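Everything below concerns the one structure shown next.
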Amino acid sequence: MKLSRLFIVLLLLTTVIGCDAKKEKQLILPQTKPAKKLIKKAEKSWDSLHKNNVDVFFTEYEKTNKETKVIIKTDYGNIKLRLYNNTPIHRANFIFLTKIKYFDKTVFYRIAKNFVIQGGNSDGYDAMKHRYKYGNYLMQPEFRTNRKHKYGALAAAREWENNPDKLSSPFEFYIVQSRKGAHHLNNEHTVFGEVISGWETMDKIAQLKTDVKEWPLVDVNMKVEIIQ
């Protein structure tokens, strides 16, 4: 009888200890949290400009940036330009670069007297930084039969080699300084604006001395602003 009671007591102790040990094991198990749902933020294709969304970006941009007049300020005077609405991508691009002050970091880097003065480039770091930021994108041409390379025409520069689609540089532009125009360039470069005042400034710049690559010996800095 005593042995039976002793056996029962031992059995109960074993069960209690086993349960405590099981509880202890449960307590030291790592606590797991329910997995969080990953919420992906919707991205609009035109939110950030890069080389693969140029048309979409500027199509959206031009809807809320309707400006068509700018002024180029230099030490030799000012040149006022009107941008064409029927070249919407080129117009929007020029307004965009003006608003982020890209051109303020560049110069008129090519002067070909009785032909063109060309700007929008620089050998400085700041201009290059902007180009790399947006991926050195290019633009499809926007040729219009009524937009010719007349005296004072504003057009987009482009590479001639390995460029069968005649894609425009968004950063570099030129103004026709020849009074006869430069009509051999019609439908080769996109004309997207024209000079409306500052002809004498353009002629002053065209008179500057240059090196053999037509880069002026003294930098012709510019500042481009939106005007009403």
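Going down the table (Lys73/Lys148; Lys66/Lys223; Lys69/Lys204; Lys51/Lys204; Lys133/Lys180; Lys63/Lys113), which pairs top 32 Å between alpha carbons?
Checking Cα-Cα distances, Lys51/Lys204; Lys133/Lys180; Lys63/Lys113 exceed 32 Å.
Where in region 150-228 are there trypsin sites (Lys or Arg not before Pro) that are in a DSSP coil and have at most 12 other Cβ atoms within 10 angstrom of their Cβ?
Arg179, Lys180, Lys209, Lys213
In region 158-211, which chymotrypsin sites (Phe, Trp or Tyr not before Pro) are in a loop and have at most 11 other Cβ atoms within 10 Å, using DSSP for the loop call?
Listed in order of number, the matching sites are Trp160.
What are the aspartates and glutamates whose alpha-carbon lies under 18 Å from the alpha-carbon of Lys80, with same-chain residues fewer than 8 places away excluded?
Within the straight-line cut-off, Lys80 pairs with Glu67, Asp104, Glu172, Glu194, Glu200, Asp203, Glu225.
Going by average Cβ density within 10 Å per residue, which order do the peptides 107-116, 88-97, 73-82 take, highest to lowest?
The packing order, highest mean first, is 88-97, 107-116, 73-82.
Per the Kirkwood treatment, what hydrodynamic radius in Å, one decimal, follows for region 61-129 from the mean inverse distance over all distinct Cα pairs?
13.3
Bear in mind these aren't lab numbers, they're just calculated from the coordinates by the rules spelled out. Since this is a predicted model, take the numbers as computed values, not measurements. For neighbour counting, all protein chains shown are included, and Cβ atoms are generated from backbone atoms with ideal geometry for every residue, glycine included.
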